[in-house]
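Student: Sharing a structure below in structure tokens format, with a few things to ask.
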Amino acid sequence: MEDQDVVSVHVENRIAWVKFARPEKRNAMSPTLNRRMMVVLDELEFRDDVGVLVLGGEGSAWSAGMDLKEYFRETEAQGLRGVRKSQRESYGWFRRLRWFQKPTIAMVNGWCFGGGFGPLFSCDLAICADEAQFGLSEINWGILPGGGVTKVVVDLLPMRDAMWLTLTGDLIDGRQAATMRLVNESVPLDRLETRTTEVAELLLKKNPVALKFAKDAVRRVNLMTYDDAEDYLVRMQEACNFHDKSEGRKEGIRQFIDEKSYKPGLGSYDL
Ligand code: ACO
């Protein structure tokens, strides 16, 4: 079953470990992989035993970007219909991941090129190996970083860094990516899974409804005026209260004020 082999999925202790699994092709994103990712996200999104999704890569790559043969050359051979279809499939799961119900962590173990910046941005947090290598190689083969990638680097990085990566195609390693804030943290490769698990476990202790509203708010307010954001956040908190059947907000206040069992400044209340 080729479709299922290109992505591996393993759920353990409420963490869904999803990995690109075409190591022999450096996890380049083919139409088959893109279609499979959408199905995997569909299957995982509302599972009760999944609280956090981690996106990693098998082998030496996280993802070598779009598959130059299968995503570009072969779909172009089918004309505009084929091109638009493959774009919809890739952009579709990137978007789905951006607004995923559960918090998401990119665990970047190795190569991350071009189109790989799409899912990198889609993940809420990103932890990489010091040994990882990131690059916008598009310029090296004569195109601009499309598929949202230019938008990703402009959103995540200062203009000079975005321009440098775009025009030179230079590689940066994991530590440089962390200094640039392309990722949250960089750790040695042999600590990558351990550190990612720690971060996932930290998120698992938080109110899951509040996490979804909070992560969406961070992305949405970016494009709003202050007044619009203020209004949006008031309404989002009210919607969050409605959706949170555990009434976590009241419980959080109760455990602090009445029970004195925790301090919100130092950690989460007991879910
Ligand atoms: N698309 C299609 N096939 C790829 C891709 C890709 N993006 N990346 C690697 N492969 C294939 C290679 O063609 C090769 O296939 P083969 O075994 O059938 O010959 C196999 O994966 C292994 O690749 P190597 O180049 O031999 O692996 P190596 O470890 O030496 O190098 C590296 C890894 C640096 C990632 C190199 O493969 C590379 O430069 N890949 C292209 C990266 C890139 O520019 N991606 C496109 C970004 S732009 C965009 O996404 C829109």
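Student: So how far, in whole Å, is the C-alpha centre of segment 126-164 from the one of segment 76-108?
Tutor: Centre-to-centre distance over Cα atoms comes out at 17 Å.
Student: Leaving out ligands, DNA and RNA, what percent of the accessible area of the chain is carbon and sulfur, probe 1.4 Å? Kindly include the intermediate steps, with their values, before the conclusion.
Tutor: Values: 8020 of 14530 Å².
Here it works out to 55 percent.
Student: Please report the projected area of segment 130-271's Cα convex hull averaged over all directions, in nm².
Tutor: Here the figure is 11.5 nm², rounded to one decimal.
Student: Which three extents, in whole angstrom, do the alpha-carbon atoms of segment 120-188 cover along their principal axes, largest first?
Tutor: In descending order, the Cα extents are 33, 21, 19 Å.
Student: Only Lys, Arg, Asp and Glu count, each charged at its Cβ (+1, +1, -1, -1), so figure out the dipole size of segment 117-271 about its Cα centre, rounded to 20 debye.
Tutor: 280 debye
Student: While we're on this one: Starting from segment 1-54, pick out the trypsin sites (Lys or Arg not before Pro) whose DSSP state is loop and whose Cβ has at most 11 other Cβ atoms within 10 Å.
Tutor: Numbers: sites: ARG14, LYS19, LYS25, ARG26, ARG35, ARG36, ARG47; in loops: ARG14, ARG26, ARG47.
Qualifying residues, ordered by number: none.
Student: Right, something else. What dipole magnitude, in Debye to the nearest 20, does the chain give about its Cα centre under +1 on Lys/Arg Cβ and -1 on Asp/Glu Cβ?
Tutor: Details: 37 positive and 41 negative charges, 94 e Å.
Magnitude of the dipole: close to 440 debye.
Student: Only helical DSSP H runs with n ≥ 4 go in: add -39500 (n - 2.57) per run for the chain, normalise by residue count and round the 222 nm mean residue ellipticity to 500 deg cm²/dmol.
Tutor: Helix contribution divided over all residues of the chain: -14000 deg cm²/dmol.
Student: Between VAL234 and ALA77, what FRET efficiency comes out of the Förster formula 1/(1 + (r/R0)^6) with R0 = 35 Å and r the beta carbon distance, rounded to 0.05? Intermediate values should be presented prior to the final figure.
Tutor: Details: r = 52 Å, r/R0 = 1.48.
Given R0 = 35 Å and the Cβ-Cβ separation, E is 0.10.
Student: Can you list, largest first and rounded to whole Å, the semi-axes you get for segment 30-77 by taking the square root of 5 times each eigenvalue of its Cα gyration tensor? Please report the intermediate quantities before stating the final value.
Tutor: Numbers: eigenvalues 140, 43, 6 Å².
With the √(5λ) rule applied to segment 30-77, the semi-axes are 27, 15, 6 Å.
Student: Taking the Cα-to-Cβ direction at GLU247 and at LYS69 and moving 7 Å from each Cα, how far apart do the two end points lie in nm?
Tutor: 6.1 nm
Student: Less than 20 Å apart at the alpha-carbon level, and either on another chain or at least 8 residues along: which lysines does that give for LYS206?
Tutor: LYS102, LYS215, LYS245, LYS250, LYS260, LYS263
Student: Now a separate question. For the chain, what is the accessible area per residue in Å², given a 1.4 Å probe and the full set of protein chains?
Tutor: Numbers: 14530 Å² over 271 residues.
Heavy-atom SASA per residue in the chain reads 54 Å².
Student: From largest to smallest, what semi-axes in whole angstrom does the chain give when each is the square root of 5 times an eigenvalue of its alpha carbon gyration tensor?
Tutor: Result for the chain: semi-axes of 34, 20, 20 Å.
Student: With every protein chain left in place, what is the accessible area of LEU171 in Å² (1.4 Å probe, nearest 10)?
Tutor: Around 80 Å² of this residue is reachable by solvent.
Student: Separate question: PRE reach from ASN184 (point 7 Å along Cα→Cβ): which of segment 198-235 fall under 19 Å by backbone N?
Tutor: 198-222, by backbone N distance to the label point.
Student: Report the trypsin sites (Lys or Arg not before Pro) located in segment 174-271 that are in a DSSP loop and have at most 11 other Cβ atoms inside 10 Å of their Cβ, or state none.
Tutor: The qualifying sites are LYS245, LYS260.
Student: Sticking with this structure for a sec: Once Lys and Arg get +1 and Asp and Glu get -1 on their Cβ, which of GLY82, GLY59, TYR71 lies farthest toward the positive end of the dipole of segment 55-96?
Tutor: It is GLY82.
Student: From Cα pairs below 8 angstrom and at least 6 apart in sequence, can you work out the relative contact order of segment 166-271, rounded to a whole percent?
Tutor: Computed over segment 166-271, the figure is 21 percent.
Student: Still on this structure, I have one more. Place a point 7 Å from the Cα of ARG88 along the Cα-to-Cβ direction; which residues of segment 33-57 have their backbone N under 17 Å from it?
Tutor: In segment 33-57, the label zone of ARG88 (backbone N under 17 Å from the point 7 Å along Cα→Cβ) covers 33-39.
Student: Can you list, largest first and rounded to whole Å, the semi-axes you get for segment 197-271 by taking the square root of 5 times each eigenvalue of its Cα gyration tensor?
Tutor: Ellipsoid semi-axes (Å, largest first): 24, 16, 11.
Student: So for the chain, averaging the separation of alpha carbon pairs under 8 Å that are six or more residues apart and normalising by length, what relative contact order in percent results?
Tutor: Relative contact order of the chain: 14 percent.
Student: Once the Cβ-Cβ distance between ASN222 and VAL9 is put in as r, and R0 is 22 Å, what FRET efficiency do you end up with, to the nearest 0.05?
Tutor: About 0.10, to the nearest 0.05.
The values are calculated or read from the model by the stated rules, or taken from the named source; none is laboratory data. This is a predicted model, so every value here is computed, not measured. Neighbour counts are summed over all protein chains in view; Cβ atoms, including those assigned to glycine, are modelled from backbone coordinates with ideal geometry. Note: areas computed on protein heavy atoms with side chains; ligands, DNA, RNA excluded. Shrake-Rupley method; radii C 1.70, N 1.55, O 1.52, S 1.80 Å.
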